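In what follows, a single structure is set out as structure tokens and then discussed.
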Amino acid sequence: MRKYIFSTLVCLLTAGIATAHHGVANFDLNKDIELTGIITGIEFVNPHSWLYLDVTNADNSVTAWRCEMRGTTVLKRSGWTTEMFPAGLQITITGSPDRRDPAACYLGTVKFPDGSSINRYGQIIKPTQQQPGDRPLRLASGVPNFAGDWAAEQLVMTDARGIAGTLVPISISKQFEPGAVPEGGQAFPGARGTEISLQDDPVDSYWNRRPSRMPLTAAGAAAIAGLDLSSGDNPRLRCAPTNILFDWYFEMDVNRITQTQDHIKMIYGSMGIERTINLNMQDHPAGTKTSLEGHSIGHWENDVLVVDTVGFKAGILNADGRVPHSDQLHIVERFELDPETMALRRSYVAEDPLYFSGQFTGADTMYISDLPYHGTTECQERTYRREEASKQALEKPWWRFWD
């Protein structure tokens with residue numbers, strides 16, 4: 001499995017953590033805060049869970065606070081449960097303040113009345129890779145068996161509080177000092193001491209003031225220029241699916257694959273994308289209606305599944321990288337299963353002659369999930385800017401693609 005872990009780390013370093021969680025810049029991780037209060041509620045949701053508590057102030061007034069945690073899927077994969085946070089329990093939270101909401105915080109560590117504590121990225125259960133058991137490696141036809149429930153390895157901050165450092169695969173996280181950044185890498189955008197965290201408006205700096213990860217044509221640059229990606233202009237910040245590349249891996253949710261001789265169906269745990277790969281077609285049908293997931297045809301090259309997808313609605317390919325795409329997007333994916341490690345690796349190349357000057361490439365790896373597929377995880381986005389969308393977006397110019 002080591003070669004796939006190394007590949008994941010390299011992708012994170014070279015892509016600048018392209019799937020970084022958006023909420024960090026909302027909090028001032030350069031400042032520390034400590035709260036003691038009584039729990040009033042808990043929400044286990046994606047992309048971030050929330051812990052609610054009443055805090056008594058020096059003048060005996062009470063303030064209702066909310067503190068942000070990791071998303072529900074990764075919390076459950078780490079052994080966290082809602083039962084850990086019963087209403088009425090007094091706890092102490094250390095973390096960092098929200099930049100805009102005076103009664104919100106970023107949970108770094110929670111301390112319980114019995115003296116125990118757990119950090120943001122704390123693991124109550126040891127992460128394990130599920131064994132395949134009697135799962136056949138091939139179907140009766142002889143092709144590899146991709147069917148099953150799959151999830152990416154957890155990524156955790158090198159600082160278990162989530163305050164400093166960067167994301168690394170959990171299986172190698174102990175190799176780094178707290179808050180360290182691997183050689184050749186960069187700190188998590190918005191983490192303590194980073195350039196983004198020191199900006200006057202880190203949220204806007206992260207989402208809207210950086211260049212695109214992709215060289216864009218004039219049309220592509222125009223498509224991204226008018227959007228405020230820290231608002232509902234960004235699909236995932238309004239709990240909507242983004243695309244077939246990003247959502248497969250983001251949030252490290254549990255995905256499901258079903259497989260027959262003629263079709264492979266991929267059901268995404270994040271945002272609920274469902275796509276069908278047609279193995280009984282050689283060409284895309286003429287006049288296919290555009291959709292978020294596009295139209296996919298696949299064929300086997302030895303044990304590699306090659307998937308060709310076209311027919312997309314225009315949208316966002318990668319919000320963190322400020323990459324839009326038009327309806328001319330064309331994606332080729334290659335899926336390969338390692339029978340020894342049970343690692344399902346996907347590499348992909350995306351081209352868009354209208355918006356891209358070049359190719360958008362990447363790779364990711366899934367393993368047999370340590371949790372069963374549980375459907376689409378509930379999404380309640382509560383950290384982004386409260387404006388519904390930018391003024392330009394509300395005017396619905398030609399690039400207002402999701403309406």
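Derivation of every value follows stated rules applied to the coordinates shown; laboratory data play no part. Fair warning: this is a prediction, and the values are worked out from it, not measured in the lab. Glycine also receives a Cβ, built like all others from the backbone with ideal geometry; neighbour counts cover every protein chain displayed.
Mind scanning LYS76/LYS111; LYS265/LYS289; LYS76/LYS174; LYS76/LYS289; LYS31/LYS174 and naming the pairs with a C-alpha gap bigger than 29 Å?
Working: LYS76/LYS111 19 Å; LYS265/LYS289 19 Å; LYS76/LYS174 21 Å; LYS76/LYS289 38 Å; LYS31/LYS174 25 Å.
Correct reply: LYS76/LYS289.
May I ask which residue of TRP150, MET281, GLN261 lies farthest towards the positive end of the charge dipole of the chain, with charges of +1 (Lys, Arg) and -1 (Asp, Glu) on Cβ and the Cα centre as origin?
Final value for the positive-end residue is TRP150.
Against the longest alpha carbon principal axis of the chain, how many degrees, from 0 to 90 and to the nearest 10, is the axis of helix 2-14 turned?
70
What is the magnitude of the charge dipole of the stretch 205-271 about its Cα centre, with +1 placed on the Cβ of each Lys and Arg, -1 on the Cβ of each Asp and Glu, and no other charges, expressed in debye to the nearest 20?
My answer is approximately 160 debye.
Could you tell me the relative contact order of the stretch 92-187? Use alpha-carbon pairs under 8 Å, at least six residues apart, and round to a whole percent. Don't jump to the answer; show the numbers that get you there.
On the way: 122 pairs, mean separation 18.2, N = 96.
Worked out over the stretch 92-187, it gives 19 percent.
Report the extension gain between ASN145 and THR276 in nm, rounded to one decimal, defined as 0.36 nm multiplied by the number of residues separating them, less their alpha carbon distance.
45.6 nm
If you take the beta carbon distance between VAL349 and GLU301 as r and set R0 to 22 Å, what does 1/(1 + (r/R0)^6) give as a FRET efficiency, to the nearest 0.05?
The pair VAL349/GLU301 has a calculated efficiency of 0.90.
May I ask for the Kirkwood hydrodynamic radius of the stretch 23-119, worked out over all distinct Cα pairs and given in angstroms to one decimal? Show your work: numbers first, answer last.
Numbers: mean 1/r = 0.0739 Å⁻¹.
Hydrodynamic radius (Kirkwood, Cα pairs) of the stretch 23-119 is 13.5 Å.
Arrange LYS31, LYS289, LYS313 by Cβ neighbour counts within 10 Å, fewest through most, would you?
If I rank by nearby Cβ atoms, fewest first, I get LYS289, LYS31, LYS313.
Tell me, what is the percent relative contact order of the chain, built from C-alpha pairs under 8 Å that lie six or more residues apart?
17
Ratio to report: Rg/Rh of the chain, with Cα atoms as the point set and Rh obtained by the Kirkwood method; give two decimals.
Rg/Rh: 0.97.
Given the options SER205, SER61, SER326, which has the most mean-square fluctuation in a GNM of the chain, springs set between C-alpha atoms less than 10 angstrom apart?
SER61
Assign unit charges at the C-beta atoms only (+1 for Lys and Arg, -1 for Asp and Glu), then state the dipole size of the stretch 23-119 relative to its Cα centre in Debye, rounded to the nearest 20. Can you show the working numbers first?
Details: 8 positive and 11 negative charges, 71 e Å.
For this selection, approximately 340 debye.
On a C-alpha basis, how far is the centre of the stretch 136-184 from the centre of the stretch 53-67 in Å? Whole number, if you could?
Answer, in whole Å: 38.
Compute the length gained on full extension between ILE125 and THR258: take 0.36 nm times their separation in residues and subtract their Cα-Cα distance, giving the result in nm to one decimal. Could the numbers behind the result be given before it?
Values: separation 133, 0.36 × 133 = 47.88 nm, distance 2.87 nm.
Going from the current span to full extension adds 45.0 nm.
Gain in length, SER117 to GLU177, computed as 0.36 nm per residue apart minus the alpha-carbon separation, to one decimal in nm?
Working: separation 60, 0.36 × 60 = 21.60 nm, distance 2.00 nm.
Once the chain is fully extended between SER117 and GLU177, it gains 19.6 nm.
For THR217 paired with GLN380, estimate the spin-label separation in nm (one decimal), with each label point 7 Å from Cα along the Cα-to-Cβ line.
4.3
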